[in-house]
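S.K.: One structure, as structure tokens, below. Some questions next.
The values are calculated or read from the model by the stated rules, or taken from the named source; none is laboratory data. Here the structure is a predicted model, which is why all the values come from computation and not from measurement. Don't worry about glycine lacking a Cβ; one is built from the backbone with ideal geometry, like all the others, and counts go over all protein chains shown.
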Amino acid sequence: MPDNRPFIIAAYAITWIALLGYAVRLYRARAEAERRLQRATEDLTGGPT
Amino acid sequence: MGVTTAGMTMAPAAKSRSRGMLMGIGAFVLLAAMQAWAISISVADRDMGHLQKIMYVHVPAAWNMMIAYFVVAIASLRYLWKGQENDDLLAASAAEAGALMTGLLLLLGMIWAKPTWGIWWTWDARLTSSAVLFFIYVGYLILRAFVDDPDRRAQWSAAVGLLGALNVPIVYMSVRWWRTLHQPQSSPRTLDPNYTMGLRVNAIAVMLILIWFIKHRYDTAKMERSADQLHERLALSGRGGINA
């Protein structure tokens, strides 16, 4: 039977890159949304909350 | 004490974020543990040898893709029925995670196909219907990016989301309805008992990650919407412009 290890390693590597990559993207998007909301709230109330 | 803005409160946001982070890290650690466990206990398949281990990532991606699109369908229907913006945001969050799972499913399928069938891709009913599903939801996300009016965006998205979800049963049944190169559906009933538990626990671990993805995206979308609404209020009151 041929050595199929590269295919198995590639499958697991791609899975982790996709899942972790998306998780990091979500984390950054949330941090940015929090900053935007904070800024908008401060603009509306006239100062830091 | 925080300031409440359109359903979002600032002070608990940081606490909610750290709790969310812990949930996410926990789900990823669980996935790593379940993958290691399943790989270590599964014996080589008679026909495929150790290539069978790709099943522990390929099949959970397929099952969780279906879960994500089920959420899209329910949330889209609810939006069309009740017209509540939160349902639209939930549908969009699930569609994004579903598109990720579908893309992953297609890539993993290609990696499995090459050593098994000798080709990366074939226009087989299962592969083609999965690719169509992927492009429908990529189109859904592009549509959302290009339509500015929130009501129109939500209505069109709900229609496309439902159309895409109608394709899910076709993807699932394609291996029975047509003669395909792809094997029948992998489920605990069609699998060798040696592989059943490994598949189940990996599917559950990926499902926890999917739930985290959808929740995290949904919370973020609500915050973005609240910030937009505050900017609109500011602009209307004449105290400031859009500061996005």
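S.K.: Taking the range B:210-230 only, how many residues are touching an Asp or Glu at 6+ places or on another chain (Cβ under 7 Å) and over 12 Å from A:Leu37 (Cα atoms)?
M.R.: Total satisfying the criteria: 1.
S.K.: Somewhere in the range B:87-103, is a residue over 20 Å from B:Val168 (Cβ atoms), hydrophobic (A, V, I, L, M, F, W, C) and within 14 Å of chain A (Cβ to nearest Cβ)?
M.R.: yes
S.K.: Right, something else. If you take just the helices (runs of 4 or more DSSP H) that sit entirely in the range B:79-189, which of them hold at least 1 residues that are loosely packed, with under 13 Cβ neighbours inside 10 Å?
M.R.: Working: elements: B:85-117, B:125-146, B:150-177.
It comes to B:125-146, B:150-177.
S.K.: Follow-up question, since we're still on this one. Of all residues in the range B:26-56, count the ones that are hydroxyl-bearing (Ser, Thr, Tyr), modelled with pLDDT of 90 or more and in contact with a helix residue (DSSP H, G or I) (Cβ under 8 Å, 6 or more places away or on another chain). Spell out how you get there, then give the answer.
M.R.: Going through the range B:26-56, the residues hydroxyl-bearing (Ser, Thr, Tyr) turn out to be B:40, B:42, B:56.
From the residues that got through so far, the ones that are modelled with pLDDT of 90 or more too are B:40, B:56.
Still in the running and in contact with a helix residue (DSSP H, G or I) (Cβ under 8 Å, 6 or more places away or on another chain): B:56.
Of the residues in the range B:26-56, 1 are hydroxyl-bearing (Ser, Thr, Tyr), modelled with pLDDT of 90 or more and in contact with a helix residue (DSSP H, G or I) (Cβ under 8 Å, 6 or more places away or on another chain).
S.K.: Right, something else. Mind counting the residues in the range B:176-217 that are within 14 Å of chain A (Cβ to nearest Cβ) and under 16 Å from the mean Cα position of the chain (by Cα)? So that I can check it myself, show each step before the final result.
M.R.: If we filter the range B:176-217 for residues that are within 14 Å of chain A (Cβ to nearest Cβ), which is where we start, we get B:198, B:202-203, B:205-217.
So of that shortlist, the ones also under 16 Å from the mean Cα position of the chain (by Cα) come out as B:202-203, B:205-217.
So the answer is 15.
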